[in-house]
Structures are given as structure tokens and as C-alpha cells.
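Student: This is the structure, below, for whatever I ask next.
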Amino acid sequence: MPPDTLYQRISDYANRADPYPLYAELRENGVVRQEDGSYLVGTYHQIAALLHDPRISSDFLSRADPDDTLLRPDDDLPPAFIGVDDPEHDRLRRLAMRPFGPPHSPGRIDALHGDITRIADELIHAFRGKDRVDLVDAFAYPLPVTVICRLLGVPQEDVPRVRVWTNTIIAALDPADGDDPKRRRHSAMEARTAMAEYLGDLAEERRRRPTADMLSALANDEGPEGRLTQQELKSTAVLLLIAGHETTVNLIANGMLTFLRRPDILEQLRAAPELMPRAVEELLRYEPPVHFLPQRSPLTDIDVAGVTVPKGAPLILMLAAGNRDPVRFDDPDRFDPLRENNQHFGFGSGIHNCFGAPLARIEAQIALHAILDQLTGSRLVEDPPPYRRSPVLRGPRHLLIERTAGA
């Protein structure tokens with residue numbers, strides 16, 4: 001049976017390559033209630049207001065159906081800070097931020113600049129001269145996963161295990177028909193638990209023998225509020241490891257695809273590399289790595305654009321739809337690396353604004369600058385390329401290019 005509700009059509013893999021006409025339909029219809037009782041919101045100003053509204057909860061317990069979420073805790077592992085509200089969210093996030101960025105660790109991300117550049121150059125060197133290259137497998141995936149593993153202190157030989165666990169967890173975000181969602185959630189919880197135990201064991205090693213990596217800092221930091229408990233540390237480390245590379249893979253891959261489709265933009269950036277930071281911000285608006293937030297619900301009945309959303313109802317904020325709202329952005333379906341006043345939802349907004357945004361920005365800027373010469377004189381073998389299954393974390397699964405003669 002073909003999908004009939006708007007959310008089902010957005011989630012349908014057949015529309016993964018171009019969901020934007022469906023987002024336009026959502027904006028035209030305001031707040032759209034689905035048959036399952038969820039509410040879709042797709043206009044920029046409504047999303048912005050809800051992201052900053054203290055009546056909107058990220059806590060799984062606020063959901064009318066709290067079992068239908070990956071964020072629920074099991075007997076041993078509490079939810080990560082993205083799945084709880086203040087004041088607990090604020091406490092956990094501040095403890096995690098101490099070894100990551102300002103004011104306590106202001107130089108950690110900037111210090112990675114040289115490493116990221118070397119990793120990008122090494123990856124490019126490995127495929128330079130080849131006639132065909134899959135830019136996702138050869139570049140967009142290994143760069144951020146290598147960076148986050150080095151940042152946390154995960155040994156290089158364990159990266160394949162991380163990929164298997166991550167793929168299983170992300171698969172649970174795909175609401176595709178024909179698959180048992182309960183089975184996928186169960187597999188994801190098992191993978192999350194396995195990853196948590198692995199990272200917990202690493203943290204114990206760091207307590208005995210501290211090193212310079214971030215996991216060691218999380219395990220040993222004694223701030224004014226004490227330190228994370230072992231279980232809190234596990235949940236936080238799992239979140240940082242997954243979120244620290246999955247979204248950046250999409251950002252880099254979406255950027256390369258956009259540049260390959262727009263040779264004029266490619267040449268503009270080659271001629272003026274100082275535009276790359278603004279180009280990355282435009283990518284975060286135009287082709288964001290996260291398309292919507294499915295884990296929100298109101299703590300009380302609320303009015304959204306004249307529609308009453310009842311307490312506990314799933315509230316799905318379609319960030320990518322808001323990013324192309326013509327009420328907020330001029331000519332929103334055009335990629336413009338010179339766009340002004342570009343306050344996009346590429347990293348969300350409000351108290352749950354993406355924790356890793358500074359790292360993702362630096363990685364994307366370095367990676368896309370480093371790859372520019374390899375994209376010049378290349379063509380896409382398949383356009384649109386095959387996409388990942390998830391409608392939430394949207395990006396190409398493969399991006400196969402072929403070099404033209406003389407490139």
C-alpha cells in the first residue's frame with residue numbers, strides 16, 4: 001500500500017533524494033496532524049518559537065507513548081542529555097562541555113585543525129589518480145570518524161566495531177514500512193549497550209592511567225559539581241561518539257554533492273577559498289545533515305498556529321522545511337554561498353543546540369576545501385546518488401565520481 005500521510009511520504013525512501021516538495025506542502029498546510037496523533041511543524045518562525053519554548057520537552061517520559069523511543073533508559077543506562085530536560089540536561093551538558101570547549105578547555109577544538117588537515121590530505125592521497133572513487137567511503141565517512149575517535153581516545157583498530165554499532169543504532173531511526181520497528185529498536189538498544197560497555201571499560205583504563213584524550217578528561221575531571229557517574233559517562237560518551245561523526249558525514253557528503261552539481265560554485269570557492277566558512281553555513285541551511293527532530297512533546301496543551309497540540313503528543317519539528325521557508329529566506333531553494341543573515345536550523349536551536357557544532361564546522365570547512373581540486377573535472381556516476389535509509393539523518397550513502405580525461 002503506498003504511503004498516504006504526509007509523514008509517511010516524507011519517510012518513504014522513494015522521496016529521500018528530494019523531500020523538499022513535501023516540505024513545501026507541509027508549510028502550505030501549517031501544522032499537520034497525522035493519523036498516529038503526531039503533529040508536523042514546518043515553518044521557520046513556528047519551529048524557532050517551539051525550540052525556545054520551555055513547555056516543549058525532550059524527555060521521553062513526557063511522551064504519551066514513552067515506549068516508542070530510543071531515548072528511554074534501560075535498567076543500566078540512563079538517557080543522554082539530549083533526552084532529558086533542564087535542570088538535569090543543563091547539569092549533564094555542562095559536565096560534558098568542560099573538557100570539550102570554552103571556558104574550561106578553550107583550545108581543544110582549535111588544536112585539532114592540524115590533525116584534521118593531515119587526515120584529509122592522507123585520505124585524498126590514497127585515491128588520487130584513480131578513475132573512480134566513492135567519496136563517502138573514501139573520504140566523507142573516514143574523516144569525521146577518525147577525528148572523533150582520536151578526540152575521545154578510541155583506538156584506530158576498534159573503529160570498525162564503532163561503525164557496526166552506529167549503523168545498528170541509526171537504523172532504528174528509519175520508520176520504513178515492511179520492517180518490524182520493535183525489532184529494530186531492540187537491536188539498537190543492544191548495540192547502544194555494547195558501545196556503552198566498551199566506552200565504560202576505556203574510561204576505567206583512563207582512570208587508572210590518564211591520557212590527554214577527552215574520555216580521560218570526562219573520567220577524571222573534578223569540577224565544582226563533581227564528576228559524571230560511570231553510567232552517566234557511558235551515556236554521554238555514546239552520544240558524543242555517534243553524534244560526533246554521523247551528522248558530519250552527511251554535511252561533507254551533501255556539500256560535495258552540491259558542489260558537483262554546481263560547477264560555478266565549485267570554481268567560485270576555488271578562486272576565493274575564504275568563502276568556505278560561509279558556504280558551509282549555507283550547506284547547513286540548504287542541505288542540512290539532520291532533517292527533523294522526532295523527540296519533542298508539549299508538557300501541556302499548547303496552541304501552534306491556531307492548532308491545539310495536546311499534552312504528550314509527538315511533536316515533529318521539520319528543521320529542513322524551516323530552512324527553506326520563503327517567509328524567512330529569500331529564494332530559499334537556491335544555494336548561495338554569499339547569503340546574509342543565515343540563521344539556519346542546521347544545528348538546531350535553543351538549549352539543545354548541537355553540542356558538537358564547533359567541531360563539525362571546522363571539519364566541514366577543512367574537508368571541503370581540501371577536496372575541491374579532486375571535484376574539479378569529475379562527474380557524478382549516478383545522480384541522484386543512493387541515499388542512506390534514515391529520513392532523519394539524510395545524506396548520500398555512496399557518492400561515486402568518475403574522473404574526466406585530463407583531470
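The values are calculated or read from the model by the stated rules, or taken from the named source; none is laboratory data. Predicted, not measured: the structure shown is a model, and the values here were computed from it. Cβ placement follows ideal geometry from the backbone for every residue including glycine, while neighbour counts extend to all protein chains displayed. These area figures cover heavy atoms from the full protein model, side chains too; ligands, DNA and RNA do not enter into them. Shrake-Rupley method; radii C 1.70, N 1.55, O 1.52, S 1.80 Å.
Student: Can you give me the Rg/Rh ratio for region 74-118, using Cα atoms for both radii and the Kirkwood formula for Rh? Working shown, then result.
Tutor: Numbers: Rg = 14.4 Å, Rh = 12.4 Å.
Looking at region 74-118, the ratio lands at 1.16.
Student: Now a separate question. Please compute the modelled spin-label separation between Glu340 and Glu402, points set 7 Å along Cα→Cβ, answer in nm with one decimal.
Tutor: 4.4 nm
Student: To check my understanding: the extent here is largest minus smallest coordinate of the Cα atoms along each principal axis. What are those three numbers for region 3-55, in Å, largest first?
Tutor: That works out to 36, 23, 17 Å along the principal axes.
Student: To the nearest 10 square angstrom, how much accessible area does Thr258 have with a 1.4 angstrom probe?
Tutor: 10 Å²
Student: Additional query: On a full-extension model of 0.36 nm per residue, what is the gain between Arg118 and Glu35, subtracting their alpha-carbon distance, rounded to one decimal in nm? Don't skip to the end; give the middle numbers.
Tutor: Details: separation 83, 0.36 × 83 = 29.88 nm, distance 5.04 nm.
Result: 24.8 nm gained on full extension.
Student: Next up: Provide the convex hull volume over Cα atoms per residue for region 257-407, in Å³. Show your work: numbers first, answer last.
Tutor: Values: hull volume 19.5 nm³, N = 151.
Once divided by residue count, the hull of region 257-407 is 129 Å³.
Student: I've got another one for you. What accessible area per residue, rounded to a whole number of Å², is obtained for region 245-368 using a probe radius of 1.4 Å? Don't skip to the answer; put the middle values down first.
Tutor: Values: 4150 Å² over 124 residues.
Normalised by residue count, the accessible surface of region 245-368 is 34 Å².
Student: Per residue, what volume in Å³ does the Cα convex hull of region 89-144 take up?
Tutor: Working: hull volume 4.5 nm³, N = 56.
In region 89-144, the Cα convex hull volume per residue is 80 Å³.
Student: What's the extension gain from Ser187 to Lys311 if we count 0.36 nm per residue and subtract their Cα-Cα distance? Before the final figure, lay out the partial values.
Tutor: On the way: separation 124, 0.36 × 124 = 44.64 nm, distance 2.98 nm.
Length difference between fully extended and current span is 41.7 nm.
Student: Right, something else. Project the alpha carbons of region 353-396 onto their principal axes and report the range along each, largest first, in whole Å.
Tutor: The principal-axis extents, from largest down, are 36, 28, 9 Å.
Student: To the nearest 0.05, how large is the calculated FRET efficiency for Asp201 and Glu28 if R₀ is 45 Å and r is the Cβ-Cβ distance? All intermediate terms of the calculation are to be shown ahead of the outcome.
Tutor: Values: r = 52 Å, r/R0 = 1.15.
After rounding to 0.05, the efficiency reads 0.30.
Student: Here's another thing I want to ask about it. Sort all Cα-Cα distances of region 180-312 into consecutive 10 angstrom bins from zero, then give the percent of pairs in each bin up to the one containing the longest distance.
Tutor: Taking all Cα pairs of region 180-312, the binned fractions are 10, 22, 22, 28, 16, 1 percent.
Student: Hey, another quick one. Which of the helices in the chain meet the span-like rule: DSSP H, Cα axial reach of 27 Å or more, Kyte-Doolittle mean at least 0.0? Present the calculation step by step, with values, prior to reporting the outcome.
Tutor: On the way: long enough: 181-208 (40 Å, -1.45); 230-261 (47 Å, 0.53).
Those that pass (Cα extent of 27 Å or more, hydropathy at least 0.0) are 230-261.
Student: Could you pull out the longest piece of the chain with no exposed loop GluC sites (Glu not before Pro) in it, calling a site exposed if DSSP puts it outside H, G, I, E, B and it has at most 12 other Cβ atoms within 10 Å? Walk me through the numbers on the way to the answer.
Tutor: Values: sites that count: Glu35, Glu222, Glu225, Glu340, Glu382.
Within the chain, the longest run free of exposed GluC sites (Glu not before Pro) spans 36-221.
Student: So, one more: Please quote Rg/Rh for the chain to two decimal places, taking the Kirkwood radius as Rh and restricting both calculations to Cα atoms.
Tutor: On the way: Rg = 20.9 Å, Rh = 22.0 Å.
Rg divided by Rh gives 0.95.
Student: For region 232-309, what % of the accessible area comes from carbon and sulfur atoms, probe 1.4 Å? Before the final figure, lay out each step's value.
Tutor: Numbers: 1250 of 2240 Å².
The value for region 232-309 is 56 percent carbon and sulfur by accessible area.
Student: Got a number for the accessible area of Lys234? Probe 1.4 Å, square angstrom, nearest 10.
Tutor: Result for Lys234: roughly 20 Å² accessible.
Student: Another question, then. Using protein chains only and a probe of 1.4 angstrom, how many square angstrom of Asp301 are accessible, to the nearest 10?
Tutor: Accessible surface of Asp301 is approximately 90 Å².
Student: If you don't mind, there's one more thing I want to ask. Could you give each residue of region 303-315 its phi-based ³J(HN,Hα) in whole Hz, using Karplus coefficients 6.51, -1.76, 1.60 with θ = phi - 60°, and x for Gly or Pro?
Tutor: Per residue, the Karplus-derived 3J(HN,Hα) values read 9, 10, 6, x, 10, 7, 9, x, 3, x, 6, x, 10 Hz.
Student: With labels modelled as points extended 7 Å from the Cα through the Cβ direction, what inter-label distance (nm, one decimal) is found for Leu299 paired with Arg227?
Tutor: Inter-label distance under the simple model: 3.2 nm.
Student: With each label point set 7 Å from Cα along the Cα-Cβ vector, what nm distance links Asp110 and Leu372?
Tutor: 2.4 nm
Student: Okay, moving on. When only alpha-carbon atoms count, how far does region 255-300 stretch along each of its three principal axes, as whole angstroms with the largest first?
Tutor: Each principal axis gives a Cα extent; for region 255-300 these are 53, 20, 10 Å.
Student: Hey, what's the Cα Rg ratio for region 103-242 versus the globular rule of thumb, 2.2 N^0.38 Å? Intermediate results must be reported in sequence, preceding the final value.
Tutor: Details: Rg = 17.5 Å, N = 140, 2.2 N^0.38 = 14.4 Å.
Here the Cα radius of gyration is 1.22 times the empirical estimate.
Student: In terms of Cα to Cα distance under 28 Å, which lysines are near enough to Lys311, apart from those fewer than 8 places away along the same chain?
Tutor: Output for Lys311: Lys182.
Student: Glu274 to Asp331: FRET efficiency via 1/(1 + (r/R0)^6), r the Cβ-Cβ distance, R0 22 Å, to the nearest 0.05?
Tutor: Working: r = 23 Å, r/R0 = 1.06.
Given R0 = 22 Å and the Cβ-Cβ separation, E is 0.40.
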